[in-house]
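What follows is one structure encoded as structure tokens, with my remarks underneath.
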Amino acid sequence: MRIDVVTIFPEYLAPLDLSLVGKARTAGLLDLRVHDLRAWTTDRHRTVDDTPFGGGAGMVMRPDVWGTALDEVLAGGGHLLVPTPSGAPLTQRTAERLAGEEHLVVACGRYEGIDARVAEHYRTVPGVQVSEFSLGDYVLNGGEVAALVLVEAVARLLPGVVGNPASLVEESHGAAGLLEYPVYTKPPSWAGLDVPEVLLSGHHARIERWRRDEALVRTAARRPDLVRALDADGLDAHDRTV
Ligand code: ADE
């Protein structure tokens, strides 16, 4: 998979050299390229923004600069992803869908955002898909942190990136639609707290049942919206008693 990130702060993306994503790049599983938007400016001051039409506070990023950059980066087609607090929430399902695509381009806005014509224009370009996404209902200073989040969420789903693919199966926001159950390791007793007895029992079926119950209780307490969204078929008779 190829991912291009366009930003005025390329250094912000430096953590993508580290850890699993860094390894995926070195192994050739992910072709990640970070670009400085200012490389596409033509004036002496390398201007990327201007005052908003209609007035108001802050600055808006210019469509002409973004257009030159994106025409080049999206030349072969791809999925343009624009982080913005007014986008659709980024979910694990979105990450799964994106992990199956060939080319993603993340356009990181700053200030009050990117001129709305940029997304509008690329929606009309053949071979280009546009999605505006949000990390959540809060405002960041720009799209860079959202780009980091998106790249990590997608890259770990690419074949070969996570060493043991089984660890992707049971985690929070996995197929069950529940948060993950609590996990424990050695020592079995710490700070006066004991690991739940059942986990030491070696009884596989009882452990599975306990984990499912804990996941349900946790999800109901912390994310009742997820429990409501569960498919009726996703709950078994025992679940309903938890
Ligand atoms: N840019 C600014 N705030 C954001 C958010 N909440 N999600 C994605 N991109 C953003």
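No lab work stands behind these numbers, since they all come straight from the coordinates. The structure displayed is predicted, hence computed values, not measured ones. No Cβ is skipped: glycine too gets one built from the backbone with ideal geometry, and neighbour counts run over all protein chains shown.
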Checklist outcome for this item: For the chain, the charge dipole (Cβ of Lys, Arg +1; Cβ of Asp, Glu -1; about the Cα centre) points to a positive end, and the Cα of Thr185, Thr41, Leu135 closest to that extreme belongs to Thr185
Checklist entry - Out of the DSSP beta bridges found with both residues in the chain, what percent are antiparallel (nearest 5)? => result 20
Next on the checklist: On a full-extension model of 0.36 nm per residue, what is the gain between Asp239 and Val139, subtracting their alpha-carbon distance, rounded to one decimal in nm?
Outcome noted: 32.3 nm
Checklist entry - Whole-Hz Karplus ³J(HN,Hα) for the range 230-235, in order, using 6.51 cos²θ - 1.76 cosθ + 1.60 and θ = phi - 60°, x for Gly and Pro? => result 5, 4, 3, 5, x, 10
Next on the checklist: List the chymotrypsin sites (Phe, Trp or Tyr not before Pro) within the range 32-101 that DSSP assigns to loop and that have no more than 10 neighbouring Cβ atoms inside 10 Å.
Outcome noted: Phe53
Checklist entry - If each of Asp71 and Val125 carries a label point 7 Å out from its Cα toward its Cβ, how far apart are those two points in nm? => result 0.9
Item to check | Hypothetical label at Val217: residues of the range 169-209 whose amide nitrogen lies under 15 Å (7 Å Cα-Cβ projection) | outcome: 179-184, 194-199, 207-209
Next on the checklist: Going by average Cβ density within 10 Å per residue, which order do the peptides 92-105, 184-197 take, highest to lowest?
Outcome noted: 92-105, 184-197
Checklist entry - How much mean residue ellipticity at 222 nm does the chain get from its helices, if each DSSP H run of length 4 or more adds -39500 (n - 2.57) and you divide by all residues, to the nearest 500 deg cm²/dmol? => result -8500 deg cm²/dmol
Checklist entry - According to the square roots a ≥ b ≥ c of the eigenvalues of the Cα gyration tensor, what is the shape class of the chain, taking rounded for a/c under 1.5, prolate for a/b larger than b/c otherwise, and oblate for the remainder? => result prolate
